[in-house]
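Participant: Structure below; questions to follow.
No value in this document is a laboratory result; all are computed from the given coordinates. Bear in mind that the values here come from a model prediction, so they are computed numbers and not experimental data. Here the Cβ positions follow ideal geometry from the backbone for every residue, glycine too, while neighbour counts run over all protein chains shown.
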Amino acid sequence: QWKAIGVVGAGSMGSMMAFAFAELGLDVSIWDVAEQNVDKITGLASKSEQQFKGKITGYKNIDEFVKSLQDRGERKLFMFSITHGEPADFVLGMIKKNLRKGDVIFDGGNEYYRRTERRQQELKPLGVSWIGMGVSGGYQSARRGPSLSPGGDKQIVQEVLPLLELYSAKDKKTGKPCVTYIGPGGSGHYVKMCHNGIEGGLLSTTCEAWAIMHKGLGMSYDEIGDVFTNWSKHGELRNNFLLEIGADICHRKKTAQGDGKGEGVDPAGGYVLDDVLDKVVQDDDNTEGTPLWSIMETALRHVSGPTLATAHYLRIASGNRSQRVRISKKLDIPEPKTLQVKDKKAFLETLRRAVYASFLSSYCQGLELIARASADEGWGVDLGKCIQIWRAGCIIQSEAIADMLQPILAQDVQIMNMKLIDEVSRDLHNNYDSLKEIVLRSTESDAYIPSLSASLEYVKYESSTMLPTQFMEAEMDYFGAHAYNKAGKPGEDPGVVQKGPHHYEWKPA
Ligand code: 6PG
């Protein structure tokens, strides 16, 4: 029933969405606050294949943009692809007067779920639906099919679902679309936030493994690329997107393709990777975004998420490059050294297993956060379906992990702790020694392993029956009369719900 769509934002994601929707037969109106973006897509559309001719119209005036949809006499459908927070509020403020009952806005940005919920409430009296939808896979997927996680009014999402199913990525094995109704409120954006938290854990683990091979084992980029290819061919890391593109990055020489402007072209054929600085910033002002929100949420909802968190702290440290450079002179910490390895093949297998354990830990943390939030908020999110939509199109796609988790999560919809799943605990157990070995060897050689070591600790402390916190509890009772539970007491150990009544007067006044 949807014949037209208004895309807000003509950046790389919005432009690609415009082409994709035009390809699906929709008339696309597109507006951007930056006029040069509108010129760019208008130019591209006019030069493009016949199928896009007249299907994509760029607007510099937002009222004319909205009118182009209004004049059709149909309910208006919008797709926002702009920066979260104020920019989204600003644009909503500009179009609000022209919104009518039945209009639908999909917000495909990475928005904080509480803001999504606020906008849903704001638009409710107008009869307008605001759907917070995660869109994953970057601009390539935005053109060819992303992974989508829409959340909000169920009936409205169901109405648009046939279109989204056509647009979304498809699972290579089953052909199933990588989109589903996630749940009410801000659940769609919440699931995308957790996807991005997991993405952080995977990205950090991958770059740590890359550096262990490059700096520790002295392997060339091409050799490392072959290892990544090998890992992603079979076993537990099979068809892992980040490893696949990692292989591509390792092999990529500077050719005439470059960025099309001459930069990135090197007749001598150096590696593109050599041009890349170690500085990863968050967004323009480095202040907020999905990785930060996922850490906040793990803390707020009492879900352990150390791999996700430390991945982001590494990123923060990387972004503060000028400070790092100054501090390096003062601290004088040794640089990563070469590892003495007798059997390189065996070591690489140990590293593969460690990477898998850390990937799986990241998945556990992200999924447990979704489970917790879903229970708290009453969203009823189906974790099996989350795995389904992450099977293609998105950044964390990892076929072997999905194959393992999806059937179990589809059966056990109540599960809160992924480590209680037999297959997960088996794999964490079986790869524990490898993870430990890599952390030990890397620590000796001063390699950077924030995520690998956080995953090791996570696996350890999440499964311990007696943590050093015994002493922490005593200290807190000493200085603050926090009170403690006693070992072996029914109701207090195990399955303690409340703090026990016991307080010891360590230092009578
Ligand atoms: C995706 C990505 C994407 C994300 C960027 C980095 O699923 O396609 O998660 O949405 O925005 O990869 O974003 P940050 O700089 O905010 O982490």
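Participant: Find the relative contact order for region 4-185 and round it to a whole percent, using C-alpha pairs within less than 8 Å whose residues are 6+ positions apart.
Facilitator: Working: 355 pairs, mean separation 33.4, N = 182.
The value is 18 percent.
Participant: Give me the one-decimal Kirkwood hydrodynamic radius in Å for region 192-461, with the sum taken over alpha-carbon pairs.
Facilitator: Over region 192-461, the inverse of the mean reciprocal pair distance is 19.5 Å.
Participant: So, one more: In terms of the Cα gyration tensor, with a ≥ b ≥ c the square roots of its eigenvalues, is region 267-359 rounded because a/c is under 1.5, prolate because a/b exceeds b/c, or oblate?
Facilitator: Oblate, since a/c reaches 1.5 and b/c is not below a/b.
Participant: Take the alpha-carbon centre of region 1-68, take the same for region 94-131, and report the distance between them in whole Å.
Facilitator: Using only Cα atoms to place each centre, the spacing works out to 21 Å.
Participant: For region 4-185, what does the equivalent ellipsoid look like in terms of its semi-axes, each the square root of 5 times an eigenvalue of the Cα gyration tensor, given largest first in whole Å?
Facilitator: Three semi-axes, in Å: 22, 21, 15.
Participant: Enumerate by residue number the GluC sites (Glu not before Pro) in region 344-394 meeting two conditions: DSSP loop (anything except H, G, I, E, B), and at most 12 other Cβ atoms within 10 Å of the site's Cβ.
Facilitator: On the way: sites: GLU349, GLU368, GLU377; in loops: none.
When the GluC sites (Glu not before Pro) of region 344-394 are filtered for loop state and at most 12 Cβ neighbours within 10 Å, nothing remains.
Participant: Here is a follow-up. In terms of the Cα gyration tensor, with a ≥ b ≥ c the square roots of its eigenvalues, is region 170-213 rounded because a/c is under 1.5, prolate because a/b exceeds b/c, or oblate?
Facilitator: oblate
Participant: Placing +1 at every Lys and Arg Cβ and -1 at every Asp and Glu Cβ, with all other atoms neutral, what dipole size does region 4-185 have around its Cα centre, in debye to the nearest 20?
Facilitator: Values: 25 positive and 21 negative charges, 70 e Å.
Dipole magnitude for region 4-185 comes out near 340 debye.
Participant: Hey, another quick one. Report the Stokes-Einstein translational diffusion coefficient (µm² s⁻¹, integer) for region 59-99, Rh taken as the Kirkwood radius over Cα pairs, at 10 °C with viscosity 1.306 mPa s.
Facilitator: 145
Participant: Just flag the trypsin sites (Lys or Arg not before Pro) in region 85-116 sitting in loop per DSSP whose Cβ has no more than 10 other Cβ atoms within 10 Å.
Facilitator: The qualifying sites are LYS101.
Participant: Give the residue from ILE327, GLY269, TYR356 lying farthest towards the positive end of the charge dipole for the chain; charges sit on Cβ (+1 for Lys and Arg, -1 for Asp and Glu) and the dipole is referred to the Cα centre.
Facilitator: Positive-most Cα among the choices belongs to GLY269.
Participant: May I pose another question? Could you tally the net charge around LYS47, taking each other residue with its Cβ under 12 Å from the Cβ of LYS47, Lys/Arg +1 and Asp/Glu -1? Intermediate values should be presented prior to the final figure.
Facilitator: Values: positive: LYS40, LYS53; negative: GLU49.
After counting each charged neighbour, the total is +1.
Participant: Any chance you could get the radius of gyration and Dmax over the Cα atoms of the chain, in Å?
Facilitator: Just the Cα atoms of the chain yield Rg and Dmax of 25.1, 87 Å.
Participant: Same structure again: Placing unit charges on C-beta atoms (Lys and Arg positive, Asp and Glu negative, everything else neutral), compute the dipole magnitude of region 192-461 about its Cα centre in debye, rounded to 20.
Facilitator: Working: 30 positive and 38 negative charges, 116 e Å.
Here the size comes out at about 560 debye.
Participant: If packing is taken as the mean number of other Cβ atoms within 10 Å per residue, what is the order of 14-27, 409-422, highest first?
Facilitator: Numbers: 14-27: 21.5, 409-422: 14.1.
For the peptides 14-27, 409-422, the packing ranking is 14-27, 409-422.
Participant: Using alpha-carbon pairs under 8 Å, 6+ residues apart, how would you state the relative contact order of region 192-461 in percent?
Facilitator: Computed over region 192-461, the figure is 29 percent.
Participant: Using the crude model of +1 on Lys and Arg Cβ and -1 on Asp and Glu Cβ, and no other charge, please compute the dipole size for the chain relative to its Cα centre, in debye to 20.
Facilitator: For the chain, the charge dipole is close to 740 debye.
Participant: Taking the Cα centre of the chain as the origin and placing charges on Cβ (Lys, Arg +1; Asp, Glu -1), which of TYR190, ALA247, MET133 is farthest toward the positive end of the dipole?
Facilitator: MET133
Participant: Take peptides 146-158, 196-208, 427-439 and line them up by average Cβ neighbours within 10 Å, highest first, as a rough protection proxy. If you can, show how the numbers build up before the last one.
Facilitator: On the way: 146-158: 23.1, 196-208: 26.2, 427-439: 19.0.
Final packing ranking: 196-208, 146-158, 427-439.
Participant: At a threshold of 8 angstrom on Cα-Cα distance, excluding pairs fewer than six apart, so keeping six or more, what relative contact order does the chain reach in percent?
Facilitator: 13
Participant: Rounded to the nearest 5, what is the percent of antiparallel bridges among the DSSP beta bridges in region 4-185?
Facilitator: Around 20 percent antiparallel, to the nearest 5.
Participant: Taking K and R as +1 and D and E as -1, what net charge do the other residues with C-beta under 11 Å from the C-beta of ASP103 add up to?
Facilitator: That sum, taken over residues with Cβ under 11 Å, equals +4.
Participant: Give LYS97/LYS192; LYS3/LYS76; LYS76/LYS176; LYS67/LYS97 a once-over and call out the pairs whose C-alpha atoms are over 18 Å from each other.
Facilitator: In this structure, LYS97/LYS192; LYS76/LYS176 lie more than 18 Å apart at Cα.
Participant: Once every DSSP H run of n ≥ 4 in the chain is given -39500 (n - 2.57) and the sum is divided by its residues, what mean residue ellipticity at 222 nm do you get, rounded to the nearest 500 deg cm²/dmol?
Facilitator: It lands at -16500 deg cm²/dmol.
Participant: Take each uninterrupted DSSP H stretch in the chain, measure its Cα extent along the helix axis, and return the ones at 20 Å or beyond whose mean Kyte-Doolittle hydropathy is at least -0.5.
Facilitator: 187-211, 344-377
Participant: Within region 267-355, what is the number of lysine pairs with alpha carbons under 25 Å apart, leaving out pairs fewer than eight places apart on the same chain?
Facilitator: 5
Participant: Ranked highest first by the average count of other Cβ atoms within 10 Å around their residues, in what order do 273-281, 49-57 fall?
Facilitator: Answer by packing, highest mean first, reads 49-57, 273-281.
Participant: Continuing with the same structure: Return an integer: the convex hull volume of the alpha-carbon atoms of region 147-267, in Å³ per residue.
Facilitator: With only Cα atoms used, region 147-267 gives 160 Å³ per residue.
Participant: Counting only DSSP beta bridges with both residues in the chain, tell me the antiparallel percent, nearest 5.
Facilitator: Restricted to the chain, the bridges split so that about 30 percent are antiparallel.
Participant: Further question on the same structure: Could you name the aspartates and glutamates whose alpha carbon sits less than 13 Å from that of LYS254, not counting residues in the same chain fewer than 8 places away?
Facilitator: Of all the aspartates and glutamates, those that pass the test against LYS254 - Cα under 13 Å, at least 8 places apart if same chain - are GLU263, ASP266, ASP274, ASP275.
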